[in-house]
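The values are calculated or read from the model by the stated rules, or taken from the named source; none is laboratory data. This structure is a prediction, so every number in the text was calculated from the model and none was measured. Neighbour counts run over all protein chains shown; Cβ positions are idealised from the backbone, glycine included. Ligands, DNA and RNA are excluded from the accessible area calculation, which covers all protein heavy atoms including side chains. Shrake-Rupley method; radii C 1.70, N 1.55, O 1.52, S 1.80 Å.
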Amino acid sequence: MSEQKNKWNESFKAGRDYNPMNQILLDTILGTIKNDRRTVIDLGCGTGDAAIKLAERGMTVVGVDWSADALEKAKLKTEIAKIGTITFKEVDLNNLAEVAFDEPVDIILSKLVIAFVEDKKQFCIAVKKLLSAEGVFVVQTPVLHDGVQYLPEDKPGIAVKYNEFKELLNEVFSEVKEFNHSYYGDKGDLVTFIAK
Ligand SMILES: C[S@@+](CC[C@H](N)C(=O)[O-])C[C@H]1O[C@@H](n2cnc3c(N)ncnc32)[C@H](O)[C@@H]1O
């Protein structure tokens, strides 16, 4: 098992959870869908908060993570919520292009995950291939701005470089919108990009 994967498993075993998906993001995602098929893949779903909220709104959801501990918790939460439409898959997102899914997909969500993906361009290309013609990639991430000096306590490791990542999305997708939600301290923003 890779050292990184091990760290995530240990963190979930210790009871760690991450920011729940807020109402604004949920409504923004749902507002992007023009057809009624409404299929979603949540890449890096953690313990399933977003996956469950989307399934509760009637969407068919696949939650993907490489942490078996996170997925175990997500399945338990799904059972408690009595939601029957979520499938969970244990996958390393660094190999996304090699994984088979039922395609095409309306929404691919990746919330607080992209910073941990090794080859972000290959990942975005793999995402694009899974999407329907109208499909959207919703990626929420902390970002770092050029010219700002970040200290270890700013946790730069959980963020991506804003300019670099936006350029990459524009290379792979034909339309990119963004929503700037809130601030982490006074240096970093949390941004949701919606690409199609
Ligand atoms: C900060 S958590 C966010 C979880 C969830 N999206 C949320 O917002 O609550 C990051 C997640 O990405 C997963 N992750 C990180 N690297 C991964 C990889 N290479 N393959 C699959 N999952 C990965 C971790 O296991 C963890 O569940």
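Things to note:
- Ligands, DNA and RNA left out, the 1.4 Å accessible surface of the range 21-98 is 51% carbon and sulfur atoms.
- GNM result for the chain, Cα springs below 10 Å: residue of Lys82, Lys161, Lys120 fluctuating most strongly: Lys82
- In terms of accessible area, using a 1.4 Å probe and ignoring ligands and nucleic acids, Lys53, Lys111, Lys129, Lys75 rank largest first as Lys129, Lys75, Lys53, Lys111.
- Ligands, DNA and RNA are left out, and with a 1.4 angstrom probe the accessible area of the chain is 53 Å² per residue.
- In the chain, Cα pairs under 8 Å separated by at least six residues give a relative contact order of 17 percent.
- Overall, the range 6-105 carries a charge dipole of about 300 debye about its Cα centre when +1 sits on the Cβ of Lys and Arg and -1 on the Cβ of Asp and Glu, all other atoms neutral.
- Taking amide H as placed 1.01 Å from N in the peptide plane, Lys89 has its amide H under 5 Å from the amide H of Gly63, Val64, Asp65, each at least 5 places away in sequence or on another chain.
- Under 5 Å from the amide H of Leu109 lie the amide H atoms of Ile41, Asp42, Leu43, Val138, each residue being 5 or more positions distant or on a separate chain, with H modelled from the backbone and absent for Pro and chain starts.
- Magnitude of the charge dipole for the chain, about its Cα centre and with charges confined to Cβ atoms of Lys, Arg (+1) and Asp, Glu (-1), is about 380 debye.
- Under a model in which nothing but the beta-carbon of Lys, Arg (+1) and Asp, Glu (-1) is charged, the range 66-165 shows a dipole of about 220 debye around its Cα centre.
- Nearest-0.05 FRET efficiency for Glu153 and Asn180, computed from C-beta distance (R0 30 Å): 0.85
- Unsatisfied cross-links (Cα-Cα over 24 Å) in the set Lys7/Lys111; Lys13/Lys120; Lys75/Lys155; Lys82/Lys129; Lys5/Lys121; Lys7/Lys89: Lys13/Lys120; Lys75/Lys155; Lys82/Lys129
- GNM flexibility winner over the chain from Ser110, Ser67, Ser11 (Cα, springs under 10 Å): Ser11
- Net charge of neighbours whose Cβ lies under 13 Å from the Cβ of Asp27, counting Lys and Arg as +1 and Asp and Glu as -1: +2
- Of the GluC sites (Glu not before Pro) found in the range 100-171, those that fall in a DSSP loop while having at most 13 other beta-carbon atoms within 10 Å are Glu118.
- Table column - 3J(HN,Hα) (Hz), the range 103-117, Karplus curve with 6.51, -1.76, 1.60, x for Gly and Pro: 10, x, 10, 6, 9, 10, 10, 9, 10, 6, 10, 4, 4, 8, 7
- Largest mean-square fluctuation among Val64, Val113, Val172, in a Gaussian network model of the chain whose springs join Cα atoms under 10 Å apart, belongs to Val172.
- Positive-end residue of Phe12, Pro104, Gln149, charge dipole of the chain with Cβ unit charges: Pro104
- In the chain, the inverse of the mean reciprocal separation of distinct Cα atoms equals 17.0 Å; this is its Kirkwood hydrodynamic radius.
- Relative contact order computed over the range 6-84 (Cα-Cα under 8 Å; 6+ residues apart), in percent: 32 percent
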